[in-house]
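Every number here is computed from the coordinates shown, using simple stated rules; none is lab data. All values derive from a computational prediction rather than experimental measurement. We place every Cβ from the backbone using ideal geometry, glycine too, and count neighbours over all the protein chains shown.
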Amino acid sequence: MLSLLWMIVMLGVFYALLVRPQRRNMAAHQALMASLHEGDEVMTMGGIYGRIQTLDEQVIELEVAPGTSFRVARSAISRKVEN
């Protein structure tokens, strides 16, 4: 009986320390992806800053300098840059 209780406690700790924070991070990233619009200034996971020119379901075109654009995966955007 004690080993069953120990197993339940360990599962609870596992959930509280690993699963819940990961779900919270995923939900925050999905909210960020839904809030992106053309003209937003963003940073990619690789540290590249740019302004969104066009959006697609999977691809974003970023203008990183006047006349220079990159195509990146939409999921590669890590955050919006606040001016």
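Taking the simple approach of a point 7 Å from Cα along Cα-to-Cβ for both A28 and V59, what is their distance in nm?
Here the modelled spin labels are 3.0 nm apart.
Please identify which residues in the stretch 26-53 have an amide N closer than 19 Å to a label point set 7 Å out from the Cα of Y15, following the Cα→Cβ vector.
26-27
Have a look at the chain and give its Rg and Dmax from the Cα atoms, expressed in angstrom.
According to the Cα coordinates of the chain, Rg and Dmax are 19.3, 69 Å.
If you fit an axis through the alpha-carbon atoms of helix 2-14 and take the longest principal axis of the Cα set of the chain, what angle between them do you get, 0 to 90°, nearest 10?
Orientation of helix 2-14: about 10 degrees from the principal axis.
Report the relative contact order of the chain, percent, no decimals, based on alpha-carbon pairs under 8 angstrom and at least 6 residues apart.
Computed over the chain, the figure is 23 percent.
On a 0 to 90 degree scale, rounded to 10, what angle separates helix 20-35 from the longest Cα axis of the chain?
The angle comes out near 20 degrees.
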